[in-house]
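Here is the structure we will look at, set down as structure tokens.
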Amino acid sequence: MLHTEYVKNLNCNYERILLEDKPEENRYQYCIVGRGGIKRLLPCSLRYINNAAYLYYDISSTQNLSQFYAGKPMKREWLKDFLWAMKQIRLELERFLLDDSNLLWYPDQIFQDLEKKDFFFLYVPYYTGENGFQELLNFLVEHVDYEDDILVECVYTFYEQYKLHGEMYLREQIFEDAKQLDVPALTMPTDAPTERGQREDLEKVKVNKSVDVLSDRISMTEENKQPVGSEDKPRKGLLYFLENRKKRQQEERTAIRRQTENAMEACAVAESSSYIASRQEVSDDYEEELGRTVYVEEKEEEKSYCLFTREGTLVYTLGPDPFVIGKMRGEADCILPDNSVSRVHARITRENKEFYIEDLNSTNGTFKNGLRMQPYEKRRLQPEDEIRLGKTVLIFR
């Protein structure tokens with residue numbers, strides 16, 4: 001089992017891995033990896049701290065997949081770029097006579113430069129544990145763009161074939177199967193005139209179509225395939241992921257609809273039935289003159305929180321959804337025009353009515369009340385907390 005943690009040292013951020021046994025640092029793989037210069041491998045160095053050996057990987061100015069794509073879908077072009085990088089890193093390792101089974105494929109061990117769109121991988125010399133490719137496939141199933149049926153079916157193919165053939169599938173066949181990504185996606189024009197009912201039906205079709213396609217693929221595969229032990233379990237596991245994804249999308253739409261209804265009801269809700277006076281004689285003309293009584297629903301007001309500058313200027317109003325602070329348009333929700341702020345610097349999330357600040361592997365660090373946070377560290381926010389991102393200071397209140 002890998003023991004990893006994120007640390008900041010001088011002007012660089014690192015992910016370090018604790019080695020259980022004392023390494024033979026003069027062996028070939030340690031020498032080659034430590035020398036550096038291998039494209040798409042994170043720079044690595046061997047260090048000793050308190051008689052413990054660590055591998056330090058420089059992750060400055062990058063984001064790992066697990067954190068960056070936690071709340072956003074992975075598009076088709078992204079997967080094509082990733083597979084190309086995957087093929088290139090294998091060729092590069094072959095060129096240096098390095099064993100590609102020592103690559104780590106866990107989503108939180110793969111990093112991407114958001115500006116150049118390059119991918120970087122961790123190589124652990126003489127590693128004998130699980131490489132994490134199955135976890136990567138699970139992550140793709142959870143975060144793939146479900147609006148793209150061809151993309152979903154391609155990911156399912158990866159999932160199924162890797163379960164059947166293991167590491168051999170990653171040599172060449174996975175790249176052959178990926179060619180189906182070149183088929184243009186069928187999309188409906190956004191300006192097509194549709195009635196409300198038609199739009200709702202279309203939305204349901206988009207959610208259900210991917211699961212239906214994969215269910216058909218499973219049935220066809222099971223008919224032509226001889227039973228081999230527990231090979232049905234991966235398919236059930238994949239369908240479990242897909243059904244959960246479908247369920248979450250339905251719950252999100254229901255939640256949005258309820259929020260809209262509650263917002264309207266919070267102002268005023270008209271009585272559904274007419275008031276009939278049983279003991280008092282009230283004329284119809286008098287009732288029409290006064291109108292019906294409007295019921296105002298009493299609700300406990302939930303305190304809203306915002307980010308302010310030190311001078312009291314409002315910067316951002318916090319809501320239930322996570323939002324990213326940075327300077328890169330298109331990736332950050334709150335844009336700070338400060339060169340000392342990273343492209344995606346920090347993220348604020350809400351959990352059980354509490355707000356948390358999380359550093360996103362920023363270059364100049366995230367500080368809460370003057371205390372530096374480690375890369376990817378998360379801390380709870382309280383009113384009047386001071387947040388410093390680069391040279392910019394924000395107050396949470």
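The values are calculated or read from the model by the stated rules, or taken from the named source; none is laboratory data. All values reported here derive from a predicted model rather than from experimental measurement. So basically every Cβ, Gly included, is an ideal-geometry build from the backbone, and we count neighbours across all protein chains shown. Side chains included, ligands, DNA and RNA excluded: accessible areas come from the protein's heavy atoms. Shrake-Rupley method; radii C 1.70, N 1.55, O 1.52, S 1.80 Å.
Some values worked out for this structure:
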| quantity | calculated |
| --- | --- |
| Compactness index (Cα Rg / 2.2 N^0.38 Å), the range 80-191 | 1.15 |
| Residues listed by number, the range 359-397, amide nitrogen under 15 Å from Lys353 label point at 7 Å toward C-beta | 383 |
| Residue-level accessible surface for Leu10, protein heavy atoms, 1.4 Å, Å² | 150 |
| Computed E for Glu386/Glu176 - FRET, C-beta separation, R0 51 angstrom, nearest 0.05 | 0.40 |
| Debye log10 I(q)/I(0) at q = 0.10, 0.12, 0.20 Å⁻¹ for the range 311-397, Cα point scatterers | -0.20, -0.30, -0.89 |
| Accessible surface, per residue, of the range 15-94 when the full set of protein chains is kept, probe 1.4 Å, Å² | 52 |
| The range 1-153 - convex hull of the alpha-carbon atoms, volume per residue in Å³ | 122 |
| Inter-label distance, nm, simple model (7 Å from Cα along the C-beta direction), Glu167/His3 | 2.5 |
| Separation of alpha-carbon centers, the range 299-368 and the range 153-170, rounded to whole Å | 39 |
| Kirkwood hydrodynamic radius (C-alpha pairs) into Stokes-Einstein, the range 23-106, 20 °C and 1.002 mPa s, D in µm²/s | 143 |
